[in-house]
Every structure is written in structure tokens, then in C-alpha cells.
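This report concerns only the one structure given below.
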Amino acid sequence: MQINYSSKTLKSNPIWYKLKQNKMTWVGIIILALIVLFSVIVPLFSPFDPNKIDLVNKFQPPSSQHWFGTDEVGRDIFTRILYGARLSLGVGILIIVIAAAIGIVIGTISGYIGGIVDTIIMRFVDMILAFPNLILAMALAAVLGPNLQNAMIAIAIVKIPVYIRLARGEAMLLKEKLFVKSAETFGINKGLIIIKHIIPNAISPVIIQATLDVGDTILLIATLGFLGLGAQPPTPEWGAMISIGWTYLLTYWWYPVFPGLFLFLSSGALNLIGDGIRDVLDPKSAR
Amino acid sequence: MIQMIVKRLGLILFVVFGVTLVTFFMSHVIPGDPASLIAGQRASEETLQSIRQQLGLDQPVWIQYFHYLGDLLTGDLGTSIRTQRPVLDELITFFPATIELAIAAFAIAIVLGIPLGILAALKKNSIWDNLSRVFSISGVSIPVFFSGLIVILIFYGKLGWLPSNGRIALDINPPTHITGFYILDSIFTGDMVALKSSLQHLILPALVLSYAQLAVITRQVRASMLEVMSQEYIRTAVANGIKGRLLIISYALKNALIPTVTVIGVAFGSLLGGAVVTETIFGWPGMGKFVVDSISYLDFPAMMGFTIIISIGYVLINLIVDIIYGLLNPQMKQ
């Protein structure tokens, strides 16, 4: 037991070491941590309500009181952006968790059972992957009706196939392994084998792919919001804020610019982290 | 090769069937009623009924679907609820604008992306390499509506150098319609005024649209250049005294481009997605703007027509990419 444990730490050490070496990854981690921290503690330091209308103070430029200025009904943009961070990051992670969970279940079933089930599922996956992501998400969100919940469903549907494919590949390798074969010899039912043996062993690549996907998902939510297909005003969603702020771009530049900047910083931070993880795990792309 | 082409063309049929099936049925579970959107809030029930009848909305969903599929086979994508014109005609009208923008963006991405990638690979870990890394990470992280906003604010708002809206200045007549591409048409007709104005209008949207793909291509070229440069045949070539441009272009780049071609195919797909947003923010009268305008009218024929055309285009582009891939890579020739 003891030996096993220490050999495991030795094996995982280089990964830690490489991740520590990669400065850009740390820039990403720090930016993301700051955004998360501020969005959590925003009620403690901001005296403003994200939704309270204050027409007297509309379109105030950035100042010591309103750091990022105010919008067309006098709401504090800085406060709204931080509440928006809760929404964007929360929804982004939620969508990926749902998509990955559904993907791994369907994918392992497809890969383990094989045959006609596998063929049907994979044709369906090919079909969804034959679309540009954004366009399919747009079409689905539009037909479901424009609101945040439907936008989430649309993005999840677009994201699931990647996880199905990944989990299926893993399941196909695993089903030839001795421990699975012996479980089959004992007559354990297929569902139980999938739950007990296939899923736990197929999960790590899925989790890695999921971390890489969060940044892109946040962009998709904001894009749908920007096009009027996601969260609706007055929800402080970044895409929706930029969409309204756009109208005032040339007169009140701060309105669309700051939400856009935070969107860019969050997805940039997530991509830096993803890039770092990929570098560590894939020796081919190492610097 | 032939087998692959036939298979892929089959995939198009399958994709069109699948997407119509999914979107069509999904579109009928939503609560919105297109008839009341056309007739307005105060329309009487009889008016609404007659509109529904006219659009076939009063029939069961599956009958509506079969009608739609039947029409689709004859190239009829239905009538746009918003404009009351055939969707296919609308899309054909807007098609050249989208393609002109996409090709311009694509050209920028390739022309800048390949040299930048080579530079980053040859000067690995230098300041250039790090700059190219920051540049590409921001390229894939920046939404087009934010980069668009910044360039409009600077080049239109502050400096006043470039226009931010439309394909050509309002007081200039578009060139005579030959191909529908303003740049080509104004060259063909020798209309220099129109050429200058349409080029000016093209610069900002094309730059904004190209950025994400530029980033992806730079990254891929860098990675495959690094891999190729470490291979033995390159070492042999260097040992034989081959160096400089000849080594990089004829020896290394040729092989490094093979994986890049695949990435370029995928890049074109996301370019089409990005075009929807880019057209919306720059008031570019293409298919993307048309479809975004249709969304608020619950104009399903327009949205589905657009989705179908784009998905066919996407599968075709990937087919072309795979053919090029096969031609570039001798191992694939069997």
C-alpha cells in the first residue's frame, strides 16, 4: 500500500512541476480567482443594487463612486458586471457539467454495447458535429424561444456530442480489458458493468475536455445573449448588457466596453488555464 | 477517394433531414404564434385563422413537416414570414455579401496566420513566440461583438478613418450587378469610386471576423512546424547544407501544412458562425443579418432555410478540405 502510494506521487509530480513552470497558466488562474472572489463578495462592498433604477444618475461616466459608470436607468455597471460574473461562470460550468454527464452516459453505453445502438448514436453525433457550433445553438435557442434556460439547453445539446465521442472511444478500449471481461464471465449485468467499471475509468479524459470547454461555453452564452436569444434584460448578463450598451457606443462608451472586457478576461483566463493543462498532458504540444 | 466523396454527399442529405426534423418539431413546441405577429395584437380571430390557413399552420405538425420536406426537394425553402418573399430568393440576394466578407476574412487569416506561425516556431520561446501566444489566446477568447466594438470606437468614433456600417457609402451607387460581389463588380465595371468605398467598408468587419481564425491557424502552424523541424529528414537536409528560405518553405512548410489544412476546414465553419454576429454589428447586409432580423419575428422558414444552406456549405467545405488533404498527403492517396 505504502509503496503504491509513493510511486503514484512520484508519477504525478512532473505534471505539477510543469504546471508550476507555466507562468501564463498562473496569470489565467489569478485573473479567474479575482473575478470569482469579487463576484462572491460584491454585496459586501458595493452599496448599489444591480437592478435598482435611479434615473437621476443615468449615464454617469466612470468616477470614484461609479467605477465603471452607470447605464441608461442609472444602475451601477461595475456592480452589474460582478453579478453577471456569477451568472456567466455559474451557467457556463452548469452547462458543461450537464453536457459531460449526459455525454459520458450515452457515450459509454454506445461504446460498450456496440452494434446497432452504437451506429444510430454515432450517426446522430456526426450530424450534430456537421454544424458550426454557434449556428446550431442559435437555431435551437430560436425555436425553443428566447430565454436563458432555453439558451442553456441549446448550448448543452451542441456540446454533448464531443463528450459522447470521447467517452465512446474510452469505453471501446475498456471493454477489451481483463477486469471487464472477468466481470462479464461472472454474469454481472451490463448496466452494472457500465456504472461500476466503464464510467469510472472513462471519466478523466472527459473531465479534461470539460475544463477546456468552459471558456468557449461562456462565450456562447454571451453571444446568444447579445443576439437577444439568451438572458433577457434586466438580467445582468454580459451579452445582454453589451447588446443594449451597443446602442450608446459612441456617446457612452463605458456602457458596452466594461462588460465586454470582463467577458474577454474570463474566457481568456479559462483558455490560458486550458492551454496550460493541455501542454502538461500532451507532450506533443509542449513548449 | 471517390468512395469518400460519395459518402460525404450522402452525409449532406442525412444532415439536412436530421436538422429539419429536429428544428421543425422543436419549433412547434414553443408558445409563440407567428400568425399574431404578422397580423398584429388586435387582429380578429378570423384574420388569424385565415393567416394560419394560408401558412398551413392549422394542420398537424407531421403533415406540415412532410409538406416542408416535399417543397425542400424541389428547392423551395418556404416563404419568409417577415418579408413575405421566398426564403431562397432572400438568401440568394444576401449570399454574395456574406461570401465576400467570409473570403476576405479567410484570406487575412491565412495570409497573416501562416507567416506568424512560422515565425513563432522558428524563434521558439523568444519574445515573438510569447507575443504570438498572447495574440492567439486573445483571438479565441475575444467575442466578435467586443473586438468589433473596440475597432468601431477607435477607427470610426475617435479617428474617423473608416466607416462602421453597410457595404458601401449611402451616397454612392453600388456597382452594376454582375456577380453580386461589390469588389469584383466594381473592378469589372471600372467603377473606382464604388471600389474604394466598398473596400473601406470591408476592412473593419473582415479584420474582426478573421481574428479568431487567425489565432487558430497561427497556433496550428507553429505546432506542426515545431514537430516537422525536429524530424530526421530536416536534419539530413541541414547537414546537406540546405538552409534559409529553401529549407523552411520547400522542406518544412510543405509537410507542416498538412495538419493545418484540416484546421482550416474547421476554421471556415466557425467563421460562418462568426459572420452572423459580425454582420449584425456592422450592419453588413448578408445572410447572417437577415437571419438575426428574422429571429424576433419567429420567422421559422427563414431561420431553417439559413441553417440548411449553412450546413450544406459546411459539409461541402470540409469535403473540399479532405480532398486537398488527400492531394497533399501521399499516404492518403490509396
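Readers should treat all values here as calculations from the given coordinates under stated rules, not as data from a laboratory. None of the values given here were measured: they were computed from a predicted structure. Note: ideal-geometry Cβ built from the backbone for every residue, glycine included; neighbour counts use all protein chains shown.
Can you give the relative contact order of segment A:79-285 as a percent, counting alpha carbon pairs under 8 Å and 6+ residues apart?
Relative contact order, segment A:79-285: 27 percent.
What does the average come to when, for each residue of peptide B:124-136, you count the partner chain Cβ atoms lying within 10 Å of its Cβ?
The per-residue average across the peptide is 1.
Using R₀ = 45 Å, calculate the FRET efficiency as 1/(1 + (r/R₀)^6) where r is the Cβ-Cβ separation of A:SER64 and A:TRP26; round to 0.05.
Numbers: r = 31 Å, r/R0 = 0.69.
Between A:SER64 and A:TRP26 the formula returns 0.90.
Which of A:GLU237, B:GLU90 comes first, and how do the rest follow, when ranked by fewest Cβ neighbours within 10 Å?
Placing the least packed residue first, the sequence is B:GLU90, A:GLU237.
With Cβ to Cβ distances under 11 Å as the rule, what net charge do the other residues near B:SER197 carry (K, R +1; D, E -1)?
Here the charged neighbours net out to 0.
Filter B:LYS123/B:LYS254; A:LYS20/A:LYS175; B:LYS124/B:LYS254; A:LYS181/B:LYS7 down to the pairs with a C-alpha to C-alpha distance above 29 Å, please.
A:LYS20/A:LYS175; A:LYS181/B:LYS7
For segment A:14-121, which trypsin sites (Lys or Arg not before Pro) are both in a DSSP coil and crowded by at most 16 other Cβ atoms within 10 Å?
Those satisfying the criteria are A:LYS52, A:LYS58.
What number, rounded to the nearest 500 deg cm²/dmol, is the helix-based mean residue ellipticity at 222 nm of chain B, given -39500 (n - 2.57) per DSSP H run of at least four residues and division by all its residues?
Computed mean residue ellipticity for chain B: -23500 deg cm²/dmol.
Note down the net charge around B:PRO174, summing +1 for each Lys or Arg and -1 for each Asp or Glu among other residues with Cβ under 11 Å from its Cβ.
For residues surrounding B:PRO174, the net value is -1.
Determine, for A:TYR248, A:TYR17, the number of other Cβ atoms within 10 Å of each Cβ, and report the residues in order from fewest to most.
Fewest to most other Cβ atoms nearby, the residues stand as A:TYR17, A:TYR248.
Which value, in Å³ per residue, describes the convex hull spanned by the Cα atoms of segment B:140-273?
166
Calculate, in whole percent, how much of the Cα-Cα pair population of the protein assembly as shown lies beyond 34 Å.
50
Could you tell me which of A:ILE81, A:VAL143, A:ALA183 has its Cα farthest along the dipole of segment A:43-186 towards the positive end, charges placed at Cβ (Lys, Arg +1; Asp, Glu -1), taken about the Cα centre?
A:ALA183
Pick from B:LEU214, B:LEU184, B:LEU159 the residue whose mean-square fluctuation is largest in a GNM of chain B, springs joining Cα atoms under 10 Å.
Maximum among the listed residues: B:LEU159.
Roughly how crowded by other chains is peptide A:242-250, in terms of the mean Cβ count from those chains within 10 Å of each of its Cβ atoms?
Mean inter-chain Cβ contacts per residue within 10 Å come to 3.
Could you please rank A:MET127, A:MET138, B:MET192, placing first whichever residue has the fewest other Cβ atoms within 10 Å of its Cβ?
In order of increasing Cβ crowding within 10 Å: B:MET192, A:MET127, A:MET138.
Please list the three semi-axes, largest first and in whole Å, of the ellipsoid equivalent to chain B, using sqrt of 5 times the eigenvalues of its alpha carbon gyration tensor. Each step should come with its number before you reach the end.
On the way: eigenvalues 370, 139, 64 Å².
The equivalent ellipsoid of chain B has semi-axes of 43, 26, 18 Å.
Looking at segment B:42-86, which trypsin sites (Lys or Arg not before Pro) are DSSP coil and have at most 12 other C-beta atoms within 10 Å of their C-beta?
Those that pass, being in a loop and sparsely packed, are B:ARG42.
Name the trypsin sites (Lys or Arg not before Pro) in segment B:151-249 that are in a loop by DSSP and that have at most 12 other C-beta atoms within 10 Å, would you?
Within segment B:151-249, the qualifying trypsin sites (Lys or Arg not before Pro) (loop, at most 12 other Cβ atoms within 10 Å) are B:LYS243.
Per Stokes-Einstein, at 20 °C and 1.002 mPa s, what whole-number D in µm² s⁻¹ belongs to segment B:66-167, with the Kirkwood radius over Cα pairs as the hydrodynamic radius? Working shown, then result.
Details: Rh = 17.8 Å.
Once the numbers are plugged in, D ends up at 120 µm²/s.
Just the number: Rg to Rh for segment A:79-285, Cα atoms, Kirkwood Rh, two decimals.
1.07
For B:GLN53 and A:ILE98, what is the calculated FRET efficiency with R₀ set at 45 Å and r taken between the beta-carbons, to the nearest 0.05?
That gives a FRET efficiency of 0.65.
Quick one: P(r) of segment A:106-207 from all Cα-Cα pairs, 10 Å bins, percents rounded to integers, in order of increasing distance.
Taking all Cα pairs of segment A:106-207, the binned fractions are 15, 37, 28, 15, 5, 0 percent.
Once the Cβ-Cβ distance between B:LEU327 and A:LEU44 is put in as r, and R0 is 45 Å, what FRET efficiency do you end up with, to the nearest 0.05?
For B:LEU327 and A:LEU44, the calculated efficiency is 0.10.
Per-residue mean of other chain beta-carbon atoms within 10 angstrom of the beta-carbon, peptide B:144-154? Display every interim value, and only then the final one.
On the way: counts 4, 12, 15, 2, 3, 9, 6, 0, 3, 5, 0.
Mean shielding count: 5.
Which value, in nm² and rounded to one decimal, describes the direction-averaged projected area of the C-alpha convex hull of segment B:257-308?
Working: hull surface 16.7 nm².
For the Cα atoms of segment B:257-308, the hull's average projected area reads 4.2 nm².
Taking the Cβ of A:MET122 as the centre, find all other residues whose Cβ is under 9 Å away and add up their charges (Lys, Arg: +1; Asp, Glu: -1).
+1
Using +1 on the beta carbon of Lys and Arg, -1 on that of Asp and Glu, and nothing else charged, what's the dipole of the protein assembly as shown about the Cα centre, debye to 20?
Working: 42 positive and 35 negative charges, 531 e Å.
Result for the protein assembly as shown is approximately 2540 debye, rounded to the nearest 20.
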